[in-house]
1. Of the residues in the stretch 121-145, how many are in a loop (DSSP other than H, G, I, E, B) and in contact (Cβ under 8 Å) with a residue 12 or more places away in the chain?
2. Which residues, counting only those in the stretch 132-146, are farther than 15 Å from L112 by Cβ and buried (at least 20 other Cβ atoms within 10 Å of the Cβ)?
3. Go through the stretch 86-120 and report how many residues are outside any loop (DSSP other than H, G, I, E, B), aliphatic (A, V, I, L, M) and surrounded by 13 or more Cβ atoms within 10 Å (Cβ to Cβ).
4. Looking at (1) charged (D, E, K, R); (2) closer than 28 Å to H145 by Cβ; (3) over 20 Å from the mean Cα position of the chain (by Cα), find the lone condition where E82 falls short.
5. Identify, please: which residue in the stretch 43-59 is outside any loop (DSSP other than H, G, I, E, B) and touching a residue at least 24 places away in the same chain (Cβ under 8 Å) and is, among those, surrounded by the fewest Cβ atoms within 10 Å (Cβ to Cβ)?
6. Every residue in the stretch 71-85 that is of a type outside the set (K, R), surrounded by fewer than 16 Cβ atoms within 10 Å (Cβ to Cβ) and assigned to a strand (DSSP E or B), please.
7. Only residues that are surrounded by 10 or more Cβ atoms within 10 Å (Cβ to Cβ) and among the charged types (D, E, K, R): list them for the stretch 60-70, please.
Amino acid sequence: MQHTVGFRVLYIFVIMELANRKVIHFNLTDQPTLEWTKQQIRNACFEGQPKFLLHDNDGKFGQFGRPFRVENAGKKVSCRSEYDVWLCQDMDIRGIPIPYGAHNAAAHIERLIGTIRQECLDRMLIWNERHLRCVLKEFISWYNHGRVHQGLNGIPDPDPVLAEPKPLRGRLVAIPVLNGLDHDYRLAA
């Protein structure tokens, strides 16, 4: 996703876990390169790594003219870019490029990008890269732990605060997110 700050365009790199709609890692840059993207994967996979990584067909990934076969753990794996070869050989992750012209293949990440734009970036003036980073950090924290996800039957990510037993009586408290841009509602004793 790209966002304009002044006259600079910043690219927002996001890694999302599909099973629970949780954003695992994000970062910003104005010059996305293959090496920068590889470093983001290393940072995101520090504690645990996925089996598959769905990604777009950006030219920076070093696209091959036709699929290239690589051997990994005794199996032949078809790779369409240098990035897929690196993922397979160095990270032991199967890179899956989105098929050309199949925009619905990345529906979850497209929905996340739309949510970030509609609920956050379109409603705020972003002054610089540092401000954008702070805004996205708070929004993504709320997105992961407090925002209701319709695809998950309205259940947000298990939060230690939510795991505590709910009071039988109490009042509803609105906790502001991004200085009141949105609110997280909780029962208080």
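The values are calculated or read from the model by the stated rules, or taken from the named source; none is laboratory data. Not measured: the values here are computed from a predicted model. Reconstructed Cβ throughout: ideal geometry from the backbone, glycine too, with neighbour counts over all protein chains shown.
1. Let us first name the residues in the stretch 121-145 that are in a loop (DSSP other than H, G, I, E, B), namely 124-128.
From what's left, in contact (Cβ under 8 Å) with a residue 12 or more places away in the chain: 124, 126-128.
The number of residues fulfilling the criteria is 4.
2. None - no residue of the stretch 132-146 is farther than 15 Å from L112 by Cβ and buried (at least 20 other Cβ atoms within 10 Å of the Cβ), so the list stays empty.
3. Within the stretch 86-120, the subset outside any loop (DSSP other than H, G, I, E, B) is 86-91, 94-97, 103-119.
If we keep only those that are aliphatic (A, V, I, L, M) as well, we get 87, 91, 96, 105-107, 109, 112-113, 116.
Right, trim to surrounded by 13 or more Cβ atoms within 10 Å (Cβ to Cβ) and you get 87, 91, 96, 105-106, 109, 112-113, 116.
Number of matching residues: 9.
4. Single failed check for E82: (2).
5. So in the stretch 43-59, the residues outside any loop (DSSP other than H, G, I, E, B) come out as 43-44, 52-55, 59.
Among the residues that remain, those that are also touching a residue at least 24 places away in the same chain (Cβ under 8 Å) are: 44, 52-55.
Details: A44: 19, F52: 11, L53: 19, L54: 16, H55: 20.
So, considering only residues that are outside any loop (DSSP other than H, G, I, E, B) and touching a residue at least 24 places away in the same chain (Cβ under 8 Å), the one surrounded by the fewest Cβ atoms within 10 Å (Cβ to Cβ) is F52.
6. E71, N72, S78
7. Here is the first cut: in the stretch 60-70, the residues surrounded by 10 or more Cβ atoms within 10 Å (Cβ to Cβ) are 60-64, 67-68, 70.
Scanning the stretch 60-70 gives a single hit, K60.
Rundown of residues vs (1) touching a residue at least 12 places away in the same chain (Cβ under 8 Å); (2) in contact with a strand residue (DSSP E or B) (Cβ under 6 Å, 6 or more places away or on another chain); (3) not aromatic (F, W, Y), yes/no style:
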| site | (1), (2), (3) |
| --- | --- |
| R69 | no, yes, yes |
| G74 | no, no, yes |
| E82 | yes, no, yes |
| D92 | yes, no, yes |
| I98 | yes, no, yes |
| A102 | no, no, yes |
| A105 | yes, no, yes |
